[in-house]
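As structure tokens, the structure follows; a few thoughts come after it.
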Amino acid sequence: MNVFRRLSSHILKNRPGFVRSSSTNVDAPDFEMENPYEKEKVQCILCKHKIEPDYKNVRLLSQFQSPYTGRIYGRHITGLCKRQQHKVEKEIVKAQFAGLMAYYLKEPVFLQDPELFDVEKPIRPHRF
């Protein structure tokens, strides 16, 4: 691959009309710029705001639990990365064992909290 790169650069340098990006030519494009078409890295909401889930923060943990069944939402719904999803699940179970969270129902106080994600429109579709 390096041989090809060296040969192609040698051919381009010796070609008439080849202009290198330098300070002498003002109209020459700047090849040292970053890719404008590169997609920005998608981060989960907890990583983006540098939030570590804690079993004592019941208000945050209740966002990732169904208000009707108490089930923990999956990654395809929450949009969390694998690491944060695992931490959230561990902390919810820890909070339930400590008696801070209910097993089957969400606390009525937390029902009016703003949603972090749309449960009806998962990031990755599922069968049902």
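The values are calculated or read from the model by the stated rules, or taken from the named source; none is laboratory data. The shown structure was predicted, so the numbers you read here are calculated from the model rather than taken from an experiment. Backbone-built Cβ (ideal geometry, glycine too); neighbour counts: all protein chains shown. In case anyone asks, the SASA skips ligands and DNA or RNA and just uses the protein heavy atoms, side chains included. Shrake-Rupley method; radii C 1.70, N 1.55, O 1.52, S 1.80 Å.
Here each label is just a point 7 Å from Cα along the line to Cβ, and for ARG71 and VAL26 those points are 6.6 nm apart. The accessible area of ILE123, taken with all protein chains in place and a 1.4 Å probe, comes to roughly 120 Å².
Average projected area of the Cα convex hull of region 23-111, in nm²? The number I arrive at for region 23-111 is 8.7 nm².
Full extension of the chain between LYS39 and LEU111 yields a length gain of 22.4 nm, computed as 0.36 nm times the residue separation minus the alpha carbon distance. Pairs over the 30 Å Cα-Cα cut-off, from the set LYS39/LYS106; LYS39/LYS90; LYS50/LYS121: LYS39/LYS106; LYS39/LYS90.
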